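Below: one structure, written as structure tokens.
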Amino acid sequence: MTLIDGMLQELEEEAKTTRRVLERVPDNQLGWRPHEKARTLGELALHIANVPGGVAELASQSPAQAPQFTDPSPKSASELIPALDKSIAKAKNVLAGMDDAALTATWRLMQGERELFAVPRVAFLRSVMLNHWYHHRGQLTVYLRALGVPIPSIYGPSADESPFA
């Protein structure tokens with residue numbers, strides 16, 4: 001198994017879990033936020049849907065310019081799953097074009113002429129495409145809990161759902 005095979009397999013499995021969480025986002029609460037400094041429910045959910053494809057695309061460039069971050073909000077929760085599907089397809093397409101040499105090559109993020117950091121591409125993908133994605137998915141479950149939405153099973157039973165029942 002190559003490095004990319006393992007990453008693609010993990011992406012596929014985690015996409016299923018992310019889908020279950022995004023399916024729970026209530027359409028009538030997209031503007032809700034737990035704190036004035038926090039993203040809204042809609043902004044966070046759409047960010048989660050878009051992370052894999054956006055990060056994989058960024059990882060395909062080296063050096064890459066640091067993106068300007070914006071937090072668009074969906075008009076409807078029905079936009080989330082199609083956005084996730086598009087993002088996962090893009091990530092798979094980009095990653096499938098990489099071999100172990102590309103994954104272990106140094107990847108650089110720049111801000112103009114200034115290098116922000118340089119790491120093996122696989123480290124960037126693991127940290128930002130996957131770990132960052134899981135972090136925000138966890139945040140989303142906290143938002144959902146605060147809104148009284150049942151939390152799906154993620155890595156085992158939640159207080160609301162058990163894959164073993």
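The values are calculated or read from the model by the stated rules, or taken from the named source; none is laboratory data. In this text the structure is predicted, and so the values were computed from the model without any measurement. Positions of Cβ are generated from backbone atoms using ideal geometry, with glycine treated the same way; all protein chains shown enter the neighbour counts.
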Exercise. Just one of the numbered conditions (1) in contact with a helix residue (DSSP H, G or I) (Cβ under 7 Å, 6 or more places away or on another chain); (2) acidic (Asp, Glu); (3) exposed (fewer than 13 other Cβ atoms within 10 Å of the Cβ) is not true of Glu57; which one?
Worked result: (3)
Problem set entry | the stretch 1-18 residues that are buried (at least 16 other Cβ atoms within 10 Å of the Cβ) and modelled with pLDDT under 90, paired with ones that are of a type in the set (A, V, I, L, M, F, W, C) and part of a helix (DSSP H, G or I) (beta carbon under 7 Å, 6 or more apart) | Leu3/Leu103; Leu3/Val122; Ile4/Leu95; Ile4/Leu103
For this session: Select from the stretch 88-134 the residues that are free of Cβ contacts under 8 Å to residues at least 24 places away in the same chain and of a type in the set (D, E, K, R) and write down the one among them that is surrounded by the most Cβ atoms within 10 Å (Cβ to Cβ).
Result: Arg114
Exercise. Among the listed residues Glu43, Glu13, which satisfies the condition of being farther than 26 Å from Pro163 by Cα and of a type in the set (D, E, K, R)?
Worked result: Glu43
For this session: From (1) buried (at least 20 other Cβ atoms within 10 Å of the Cβ); (2) free of Cβ contacts under 8 Å to residues at least 40 places away in the same chain, pick out the condition that doesn't hold for Val51.
Result: (2)
Exercise. Exactly one of (1) within 23 Å of Ser153 (Cα to Cα); (2) surrounded by fewer than 16 Cβ atoms within 10 Å (Cβ to Cβ) is unmet by Pro72. Its number?
Worked result: (1)
